[in-house]
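Novice: One structure coming up, written as structure tokens, with questions to follow.
None of the figures in this text is laboratory data; all of them are computed from the coordinates on show. Just so you know, these numbers come straight off a predicted model, no measurement behind them. Every residue, glycine as well, gets a Cβ built from its backbone with ideal geometry; the counts of neighbours run over all protein chains shown.
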Amino acid sequence: MANPFTLWVFDNVDLTDVKREDLSNLLNVNFMAKLVGGTVSAATARVVGRDEAILARKFDVVVFLTIIGFRGSGSVIKKAGGDPQEAMGKENIKGLTEADRAGGGIGEVYWNRIDTLSGTAAAIFHEAGHLKFRETKKNHMHDSVGSDGTKVLILAKETKNARLPNAADIEVFKAQIPNVIKLRTRLP
């Protein structure tokens, strides 16, 4: 049975409506459309406001677009009682995920560390991957390969500023969509 899949992005930085729409379009065209088929009947990305109510389904995933500042200010992970220490002071880290947080995993992407919308879309896809892999510290996702032996690009630890997924990224992510995870459907 094929199931719908939505990648929800909570906008915690107050993007303009145009930028929200552009980010949604980039996610849908460059990532989500490629996930449809097999067990996935539809794949959609939706960027919503920080206070918007969402109706998440069984296989969905939620990522928070935020900033990270001095001592982790702005971090959703910190707001939920976690410690974003790994990302603090390291400008090359574009996002962070704590998949095993009480109340549901948190994937966050740092708007203030990415210079393009396409880079933001790639980072969102990456952190969504961590949630679907249900990873804590193992990071198996980073070392994944497609069925032809090709290494992942966007899902790798060092993305080399890649903006578009390769076939391995799509294949590996798609295989994780059936993983049911506990979702946060609002900001903590």
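Novice: For 10, 70, what's the fewest-to-most ordering of other Cβ within 10 Å of each Cβ? All intermediate terms of the calculation are to be shown ahead of the outcome.
Specialist: Details: 10 24, 70 8.
The order, fewest Cβ neighbours first, is 70, 10.
Novice: Can you give me the distance in nm between label points at residue 36 and residue 19, each placed 7 Å from the Cα along the Cα-to-Cβ direction?
Specialist: 2.9
Novice: Which cross-chain or sequence-distant (5 or more) residues have an amide H under 5 Å from the amide H of residue 40, H modelled 1.01 Å from N in plane?
Specialist: Residues meeting the amide H criterion: 3.
Novice: Now a separate question. So if we plug the beta-carbon distance of residue 52 and residue 102 into 1/(1 + (r/R0)^6) with R0 = 35 Å, what FRET efficiency do we get, rounded to 0.05?
Specialist: On the way: r = 23 Å, r/R0 = 0.66.
FRET efficiency, residue 52 to residue 102: 0.90.
Novice: Could you work out the helix-only [θ] at 222 nm for the chain, with each DSSP H run of four or more residues adding -39,500 (n - 2.57) and the total divided by the number of residues, to the nearest 500 deg cm²/dmol?
Specialist: Values: 4 runs with 45 residues, N = 188.
The per-residue figure over the chain is -7500 deg cm²/dmol.
Novice: I'd like the trypsin sites (Lys or Arg not before Pro) in region 112-180 restricted to DSSP loop residues with at most 11 other Cβ atoms within 10 Å, sorted by number.
Specialist: Values: sites: 113, 132, 134, 137, 138, 151, 157, 160, 163, 174; in loops: 134, 137, 138, 157, 160, 163.
Passing both the DSSP loop test and the Cβ count: 137, 138, 157, 160.
Novice: Using Cβ contacts closer than 10 Å as the measure, can you line up 158, 98 from fewest to most?
Specialist: On the way: 158 9, 98 23.
Ascending number of Cβ neighbours within 10 Å: 158, 98.
Novice: Also, I was wondering about something else. If I build a Gaussian network model for the chain, linking alpha-carbon pairs within less than 10 angstrom, which residue out of 97, 159, 120 has the largest mean-square fluctuation?
Specialist: Top of the fluctuation ranking is 159.
Novice: Principal axis lengths of region 93-136 from Cα atoms, whole Å, largest first?
Specialist: 31, 16, 15
Novice: Taking only the C-alpha atoms, wrap a convex hull around region 3-139 and report its volume per residue in Å³ as a whole number.
Specialist: Working: hull volume 15.2 nm³, N = 137.
In region 3-139, the Cα hull volume divided by residue count equals 111 Å³.
Novice: Name the long-range amide H neighbours of residue 99: under 5 Å, sequence gap of 5 or more, or other chain; modelled H, no Pro or chain starts.
Specialist: Long-range HN contacts for residue 99: 106.
Novice: Can you work out the Karplus-derived ³J(HN,Hα) for every residue in region 64-71? Use 6.51 cos²θ - 1.76 cosθ + 1.60 with θ = phi - 60°, whole Hz, and x for glycine or proline.
Specialist: These are the phi-based 3J(HN,Hα) values: 9, 8, 8, 10, 10, x, 3, 6 Hz.
Novice: Sticking with this one: Pairs of Cα atoms under 8 Å, at least six residues apart: use those to get the relative contact order of region 3-139, whole percent.
Specialist: Numbers: 240 pairs, mean separation 36.1, N = 137.
Answer for region 3-139 is 26 percent.
Novice: Treating only the Cβ atoms of Lys and Arg (+1) and Asp and Glu (-1) as charged, compute the dipole magnitude of the chain about its Cα centre; round to the nearest 20 debye. All intermediate terms of the calculation are to be shown ahead of the outcome.
Specialist: Values: 26 positive and 22 negative charges, 75 e Å.
Approximately 360 debye in magnitude.
Novice: Helix by helix through the chain, keep the DSSP H runs that span 18 Å or more along the axis on Cα and average at least 0.0 on Kyte-Doolittle, and give those back in order.
Specialist: On the way: long enough: 17-30 (19 Å, -0.74); 117-133 (24 Å, 0.52).
In the chain, the long hydrophobic H runs are 117-133.
Novice: Of 65, 13, 3, whose Cα points farthest to the positive end of the dipole of the chain (charges on the beta-carbon: +1 Lys, Arg; -1 Asp, Glu; origin at the Cα centre)?
Specialist: 3
Novice: Another question about this same structure. Residues with amide H under 5 Å of residue 63's amide H, sequence separation 5 or more or different chain, H placed in the peptide plane at 1.01 Å from N; which?
Specialist: Excluding prolines and chain starts, which carry no amide H, the hits are 8, 9, 10.
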